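This report refers to the structure that appears directly beneath it.
Every number in this text was worked out from the coordinates using simple rules, so none of it is lab data. Note that the structure is predicted; figures quoted are calculated from it, not measured. Cβ coordinates were reconstructed from backbone atoms using ideal geometry, including for glycine residues, and neighbour counts include every protein chain displayed.
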Amino acid sequence: MTNLVLFGPPGAGKGTQADILKEKYQLVHISTGDVFRYNIKNQTELGLTAKSFIDKGQLVPDEVTINMLNAEVDKNPEAKGFIFDGFPRTENQADALAEFLKGKGTEVKAMIALEVEDEVLVKRLLERGKTSGRKDDADEAVIRNRITVYYDETAILKEYYKKQDKYYGVDGVGSVEEITERISNVIDKL
Ligand SMILES: Nc1ncnc2c1ncn2[C@@H]1O[C@H](COP(=O)(O)OP(=O)(O)O)[C@@H](O)[C@H]1O
């Protein structure tokens, strides 16, 4: 199985690239942010819990997120592999993912990290907020909080996967096509 973690700060372009890559490599794309938003829209219990954190730019608690991710993977027993987008975001989540995949006789093959500087991220997210309807994109303070949370809790995962020789950094500034090509160069050599 080819299981990829698509990584990067909020606004790095993970969702855009994952949409292209899932077709190109026939992988199942799981975006934890999208699953949360779907649940918020449908007012499920999970959605109600998640909303209170997401609106403030905080992470949803690990236990909730991990259970949800596992359930999404289990919905796709025929998958040739997964693109995890927005997961893992904490070391706890990374450990849980490793454990869960191990139980299925597979593992994370690579973490591909999109690198984009903070001020570009803020601009992109504010721009996206004008049309996405995402409350967490509309407010600069919430955006900056998400970026802070990324550095405090999520960025350490680079080291986590580097130690396992699974880390690949990719320049996330350029046209969508250019970035797809950079990522594809990594995937094609795995
Ligand atoms: N793995 C996760 N763990 C905890 N919270 C998460 C996770 N994935 C998404 N969320 C919550 O959903 C929000 C939106 O996720 P996402 O669309 O991936 O954000 P972004 O565009 O900021 O990368 C996050 O700010 C966070 O509150």
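Results, tabulated for the structure shown:
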{"read-out": "Zone of Tyr38's modelled label, taken as backbone nitrogen in the range 63-82 under 18 Å from a point 7 Å along Cα→Cβ", "value": "64-82"}
{"read-out": "Tyr160-Ser52 FRET efficiency (beta carbon distance; Förster radius 25 Å; 0.05 resolution)", "value": "0.35"}
{"read-out": "Filtered GluC sites (Glu not before Pro), the range 95-190: DSSP coil and at most 10 other beta carbons within 10 Å", "value": "Glu117"}
{"read-out": "For the chain, alpha-carbon Rg over 2.2 N^0.38 Å", "value": "0.97"}
{"read-out": "Interchain or long-range residues, amide H under 5 Å from Ile83's placed H", "value": "Leu4, Val28, His29, Ile30"}
{"read-out": "Label-point separation in nm, Val120 to Ile20, each point 7 Å along Cα→Cβ", "value": "1.4"}
{"read-out": "Full-stretch length increase - Asp188, Ala138 - with 0.36 nm per residue and alpha-carbon distance subtracted", "value": "14.3 nm"}
{"read-out": "Packing-based exposure ordering (other Cβ within 10 Å, fewest first) of Thr44, Thr90", "value": "Thr44, Thr90"}
{"read-out": "Residue exposure sequence - Lys41, Lys56, Lys80, Lys22 - by fewest surrounding Cβ within 10 Å", "value": "Lys41, Lys80, Lys56, Lys22"}
{"read-out": "Cross-link reach list, lysines versus Lys51, counting only Cα pairs under 29 Å and skipping chain neighbours closer than eight places", "value": "Lys14, Lys22, Lys41, Lys75, Lys123, Lys130, Lys135, Lys158"}
